[in-house]
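Working notes, beginning with the structure itself.
The values are calculated or read from the model by the stated rules, or taken from the named source; none is laboratory data. Source: prediction; values computed, not measured. Here the Cβ is made from the backbone with ideal geometry for all residues, glycine too, and neighbour counts use every protein chain on show.
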Amino acid sequence: MSVLVLGGAGYIGSHAVYQLMEEGQDVVVVDNLETGHQDAIHPEATFYQGDIREITFLREVFKKESIDAVIHFAANSLVGESMDKPLKYFDNNVHGTQVLLKVMVEHDVKYIVFSSTAAIYGEPETVPITELMPTIPTNAYGETKLTMEKLIKWTSQAHGISYTSLRYFNVAGAKQSAVIGEDHRPETHLVPIILQAALEKRESITIFGEDYDTPDGTCIRDYVHVDDLISAHLLALDYLKNGGKSDIFNLGSSQGFSVKEMIDVARKVTGKKIPAVIGPRRTGDPSTLIASSGKARQILGWRPKRTFIQQIMEDAWRWHSTHSDGYKSDVNEK
Ligand code: UFG
């Protein structure tokens with residue numbers, strides 16, 4: 001039996017594929033390579049290039065392979081873009097998930113681990129954020145992920161599928177061996193942007209606002225190592241297969257770092273100056289997002305290992321400094 005990883009050529013999906021393969025599991029990858037990279041796909045995974053909205057394509061994959069579980073990362077995930085192009089996000093994210101669920105029901109596939117996001121909480125009233133707090137997204141991306149969660153919940157209930165929705169905070173870092181890493185085009189994420197500035201691939205990093213209600217005035221986020229994040233997915237899969245009930249879990253480190261602190265960490269790790277300038281706030285940015293991940297620790301037995309922010313930055317730097325232009329296979333470059 002195989003695990004189907006949708007979006008397995010993306011940053012987080014590719015790390016999932018590598019960990020599953022290291023565990024000795026059979027892995028099937030589906031990716032349309034719109035934002036994913038061919039070079040990020042594990043060479044020994046079975047790969048199908050295609051779009052999950054294409055029901056004939058997806059049916060074919062489920063027919064050919066014996067899939068017993070799905071890990072679903074296939075989605076657009078840029079907050080800013082989602083505000084300009086909400087229909088693109090609803091179509092790819094929500095409609096794509098609807099097609100997937102239909103095919104899962106047709107093929108009687110009973111387990112799904114879903115890649116959700118802290119963006120569904122919007123601007124929280126208090127931190128740390130628990131899974132019971134209100135979900136009021138402040139952007140279209142978060143709204144699509146919340147809708148996807150609901151689609152999965154109701155379909156699961158009707159068709160006996162078990163699911164976990166994993167709500168990620170700020171995922172960063174890369175595989176320690178630097179075989180895969182983070183490469184978005186365009187890049188909008190803080191850690192890669194800081195490291196591109198360290199490599200002088202950009203002149204400076206612009207800090208989006210220094211007038212937030214935080215100790216140094218810059219936004220605070222909870223950074224979690226991508227490999228720790230993925231280990232929670234593998235635990236979630238075991239949990240479901242062992243009869244665990246469908247549930248929602250936050251995944252973060254439960255520690256917050258400001259944008260300025262992150263730049264300082266990067267300066268120490270890289271030994272580079274990393275020029276920073278202050279710019280205006282970015283629309284839709286909440287000031288502080290910190291997870292309570294107690295539930296994942298308690299129920300899934302999650303034990304993140306690379307929890308020091310320096311380790312996260314070091315692993316990210318190892319990949320960036322050895323791949324200063326990112327992945328070579330740029331069929332997806334726009
Ligand atoms: N930032 C800058 N300058 C930059 C880029 C980012 O100051 O050039 C700041 C942002 O304003 C924010 C912080 O760095 O305060 C982190 O920004 P990212 O874009 O790296 O991450 P976000 O917190 O905006 O979003 C990330 C994921 C989302 C997810 C969210 C959940 O990209 O998909 O975490 O917390 F929904």
Which residues, taken from region 157-183, are away from the ligand (no atom under 16 Å from the Cβ) and more than 19 Å from residue 296 (Cβ to Cβ)?
-> 157, 158, 159, 160, 161, 175, 176, 177, 178, 179, 180
Identify, please: which residue in region 236-262 is buried (at least 21 other Cβ atoms within 10 Å of the Cβ) and part of a helix (DSSP H, G or I) and is, among those, nearest to the ligand (Cβ to nearest atom)?
-> 259
Of 147, 218, the only residue that is more than 14 Å from the ligand (Cβ to nearest atom) and either crowded, with 22+ Cβ neighbours inside 10 Å or closer than 28 Å to residue 86 by Cα (or both) is 147
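Residue by residue, here is whether (1) surrounded by 24 or more Cβ atoms within 10 Å (Cβ to Cβ); (2) of a type outside the set (A, V, I, L, M); (3) over 16 Å from residue 112 (Cβ atoms) holds:
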site: 3; (1), (2), (3): yes, no, no
site: 7; (1), (2), (3): yes, yes, no
site: 19; (1), (2), (3): no, yes, yes
site: 28; (1), (2), (3): no, no, no
site: 32; (1), (2), (3): no, yes, yes
site: 39; (1), (2), (3): no, yes, yes
site: 47; (1), (2), (3): no, yes, yes
site: 80; (1), (2), (3): no, yes, yes
site: 83; (1), (2), (3): no, no, yes
Residue in region 107-117 that is modelled with pLDDT under 95, within 23 Å of residue 78 (Cα to Cα) and within 16 Å of the ligand (Cβ to nearest atom) present = no
Could you tell me whether region 219-241 includes any residue that is over 23 Å from the mean Cα position of the chain (by Cα) and modelled with pLDDT of 95 or more?
-> no
Would you check which residues across region 268-307 are touching an Asp or Glu at 6+ places or on another chain (Cβ under 9 Å), more than 13 Å from the ligand (Cβ to nearest atom) and either without any contact (Cβ under 8 Å) to a residue 40 or more places away in the chain or basic (Lys, Arg) (or both) and list them?
-> 272, 295, 303, 305, 306
